[in-house]
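Comments concern the structure below.
The values are calculated or read from the model by the stated rules, or taken from the named source; none is laboratory data. On a predicted model such as this, the values are computed, not experimentally measured, just so you know. Cβ sites come from the backbone with ideal geometry, for glycine too, and all protein chains shown count toward neighbours.
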Amino acid sequence: MLKIEDFHSYYGQSQALRGFSISVSPGEVLCLLGRNGAGKTTALKSIMGIVPPKRGRISLNGVDLTALPPNRIPMHGIGYVPQGRRLFSELTVRENLEIGLMTRQTGPEAMERALSYFPALRERFHQRSGTLSGGEQSMLAMARALCIEPTILMLDEPTEGLMPSMIAAIRDVVVKLREEGVGILLVEQRIDAVLPVADRIAFMDHGEIKVEMGIEAVRADTSILKKYLGVGH
C-alpha cells in the first residue's frame, strides 16, 4: 500500500499542498479530481520528490520513503507518467523503453510485458518517439513506466487531447493493471474517463483533499461533481 500522510508542499512562499493525505491499495484505482490549480499535479510531483514536501511522510508497503531523492523513489516500485508525457523525442521507442528498464535494473521480460499492453508500439519500435501520434506517445509513456514493474502507477491526465479510441485503449490497460494487483493513482479532468475505472474518488481543492467517496456513492449523487468541478454529469 502507498500511504501519504500530511504533505505540505510549497512553490517558493506559496503553499500548494495543505495536509494532503491519501492511501492506494494494491489492485485499486484512486482518482484525484478537482478544478485546475487544485493541487493534483503537485500532489504527484510531491510523491515523486520533484516538489519535496516540507512536512509529511510517504511509505510503500511499510517502507518509509520520505527522505529519498527523486531518482530513488521509482526504484521502490512507484511508476509515474507525467502530464505531457515527457518522452525523449529524439530517441526511438525502444530507447525510451530501455531508459525505463535502467531505472530499476529490470530486464527484457519487463519490456516484453510492457509491450504486451500496447502491441501497436512493436510496429513503431525503431521510430523516433517525437514522430509518434499523441495516442502512441501516451502509450509509450505508460509502457516506459511499466518497464519498472511498478506496484503503484501514477498517471497525470493520460487521456488529455486523445481521440475516443485511444482513451478507450488506455482505460482498458488501467483495468487490466488493476486486475493484476497494481495500485493506480489517476489524475484526470474527464469525468467520462474516470467513472468506468475508478474505485474511489478524492476531490481536491486548494491543495487539500476535501472528501473521498466510493465510485458508487459518486454515481448516486453527481451533485458532488458540480461542487468540486463545476460540471454536471
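Observations on the model:
- Residue 149 falls short on exactly one of the conditions (1) among the charged types (D, E, K, R); (2) closer than 29 Å to residue 46 by Cβ; (3) part of a helix (DSSP H, G or I), and that condition is (3).
- Residues of the range 152-179 satisfying the condition of being without any contact (Cβ under 8 Å) to a residue 40 or more places away in the chain and assigned to a loop (DSSP other than H, G, I, E, B): 159, 161, 162, 163
- Residue in the range 131-149 that is of a type in the set (Val, Ile, Thr), surrounded by 15 or more Cβ atoms within 10 Å (Cβ to Cβ) and within 16 Å of the chain's Cα centre (by Cα) present: yes
- Matching residues, the range 94-140, being closer than 25 Å to residue 160 by Cα, of a type in the set (Lys, Arg) and part of a helix (DSSP H, G or I): 94, 113, 122, 124
- The set of residues in the range 1-45 being over 19 Å from the mean Cα position of the chain (by Cα) and in a strand (DSSP E or B) consists of 6, 8, 10, 11, 14, 15, 18, 19.
- Given (1) in contact (Cβ under 8 Å) with a residue 24 or more places away in the chain; (2) part of a helix (DSSP H, G or I); (3) not charged (D, E, K, R), number of the condition residue 58 does not satisfy: (2)
Conditions (1) in contact with a strand residue (DSSP E or B) (Cβ under 7 Å, 6 or more places away or on another chain); (2) modelled with pLDDT of 95 or more; (3) of a type in the set (Phe, Trp, Tyr), marked per residue:
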site	(1), (2), (3)
2	yes, yes, no
20	yes, yes, yes
28	yes, yes, no
33	yes, no, no
51	yes, yes, no
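Residue by residue, here is whether (1) over 20 Å from residue 26 (Cβ atoms); (2) not in a helix (DSSP H, G or I) holds:
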| site | (1), (2) |
| --- | --- |
| 181 | no, yes |
| 198 | no, yes |
| 211 | yes, yes |
| 217 | yes, no |
| 228 | yes, no |
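- Any pair with Cβ under 6 angstrom, 6 or more apart, that starts in the range 94-116 at a residue that is free of Cβ contacts under 8 Å to residues at least 60 places away in the same chain and ends at one that is of a type in the set (S, T, N, Q): 96/129
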